[in-house]
Ligand SMILES: Cc1cc2nc3c(=O)[nH]c(=O)nc-3n(C[C@H](O)[C@H](O)[C@H](O)COP(=O)(O)OP(=O)(O)OC[C@H]3O[C@@H](n4cnc5c(N)ncnc54)[C@H](O)[C@@H]3O)c2cc1C
């Protein structure tokens, strides 16, 4: 039986980042990354909107995303002169009602204390800065002119993946179907029938995070949540809107420019949450929910055309919508990097680095992420993030 010192289940952003940072941080052992679909067609990573922001409500999320931002905004420094992920530092505009004022103020204070450039705007300031918007019903908004934006997620994954392979990680196209463990994990079984000895196993399986945790008897509430993206042409949209930030409206709808078009989506309420995480596109949400809200907020959106759309699955943590990062409480060589619920592309790099430190040193060195450990699930102590888009 072949043996690897570290076996990583899933080879997208979290799995590849773990392999990359293990090597970058000086790990000398052997690393296997098992990826069941090397086209990544249904993985979260390539279907992501590629947003990175510091407008979060927990220090852990701000730390994770700041680490990601520092690499994403300067990929040439990390990956060489040819690296390019079309990063645009365009910002997130988060709109709030009267009731959200204390939350926006508290978040902005925390974000600024951690180096973010968050500014708070009154309706009058908003109207001046974003003249194509209608801010009726808005009491306050937060926006950072620097330190946030979006990029090509597939491009980032490929840079990390190639970087990990170049540093000697072995990518194996196969599926992990079982994990053999007592007090420790000893091996994994692949769909092809092959068994690999494993010194440590990392669960980086995205929407299958819960299924892979179940292979070692752990109940991790992470699975797929269905989300819709609508691609829209709006010929009348002014340049300022095309070059402007991503907008997050008070009712959970959001949009941002994408090339010559716009992307629209929404965070469903509990009642609206799709019951089945299949790949069937549902067009009615755009007509019924997104469009009326969007053209009320940005009147030029009254005249637009949906030209395409797609379904993507969030790697959703049904417990508290935050990443689960750390070591299994009883199986000391099993690690989690799961459940990012809409913010995992920007946090995958830092997660990979953090898991590499746990494997190499048994503790975090770069940033403290203990609050994101699985222990909070058994203890029923959720760590809620107030800004989930
Ligand atoms: C529509 C959409 C928009 C998003 N927008 C953003 C955004 O703007 N900003 C942001 O930060 N995040 C965003 N996200 C979330 C982000 O994309 C994910 O959190 C992140 O990509 C998760 O990365 P991952 O590597 O953990 O999982 P994935 O990318 O899903 O990769 C997991 C991999 O594991 C493989 N796998 C699973 N099980 C097995 C097994 N048993 N054996 C072998 N391989 C296995 C899968 O094939 C897959 O390739 C968005 C997601 C979606 C769907």
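Quick look at the values:
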| item | result |
| --- | --- |
| Which of 44, 234 has the fewest Cβ neighbours within 10 Å, and the rest in rising order | 234, 44 |
| GNM result for the chain, Cα springs below 10 Å: residue of 180, 98, 258 fluctuating most strongly | 98 |
| Ascending count of other beta-carbon atoms within 10 Å, so fewest first, for 114, 360 | 114, 360 |
| Residue 307-residue 269 pseudo-label distance in nm [points 7 Å out on the Cα-to-Cβ vector] | 3.3 |
| Relative contact order [Cα under 8 Å, 6+ residues apart], the range 232-292, whole percent | 26 |
| GNM top mover of 88, 23, 112 - the chain, alpha-carbon springs below 10 Å | 112 |
| Residues residue 39 and residue 112, FRET efficiency given R0 of 41 Å [Cβ-Cβ distance, rounded to 0.05] | 0.45 |
| Fluctuation leader among 253, 366, 58 - the chain, Gaussian network, Cα springs under 10 angstrom | 366 |
| Relative contact order (%) - criterion: Cα under 8 Å, at least six apart; region: the range 244-389 | 19 |
| Relative contact order, percent, the range 73-189 [alpha-carbon distance under 8 Å, six or more residues apart] | 29 |
| Rounded tilt (10° steps) of 101-113 against the dominant C-alpha axis of the chain | 50 |
| Dimensions (Å) - the range 152-278, Cα atoms, principal axes, largest first | 60, 42, 23 |
| Helix axis angle, 13-24 relative to the chain longest principal axis, alpha carbon, degrees | 60 |
| Estimated [θ] at 222 nm from DSSP helical runs (n ≥ 4, -39500 (n - 2.57)) normalised by residues in the chain, nearest 500 | -8000 deg cm²/dmol |
| The chain - share of DSSP beta bridges that are antiparallel (%, nearest 5) | 70 |
| 26 Å tail of the calculated P(r), the range 242-374, as % of Cα pairs | 41 |
| Three semi-axes of the equivalent ellipsoid, the chain, Cα gyration tensor, whole Å, largest first | 37, 21, 20 |
| Whole-angstrom gap from the range 254-328 to the range 109-178, using each part's C-alpha centre | 16 |
| 283, 313 arranged by Cβ crowding within 10 Å, fewest neighbours leading | 283, 313 |
| Using alpha-carbon coordinates, inclination of helix 344-361 to the longest axis of the chain, degrees | 30 |
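Values quoted throughout were computed directly from the atomic coordinates according to the rules given, and no laboratory measurement underlies them. Computed from a predicted model, the values in this text were never measured in an experiment. Ideal geometry is used to build each Cβ from the backbone, glycine not excepted, and the neighbour counts take in all protein chains shown.
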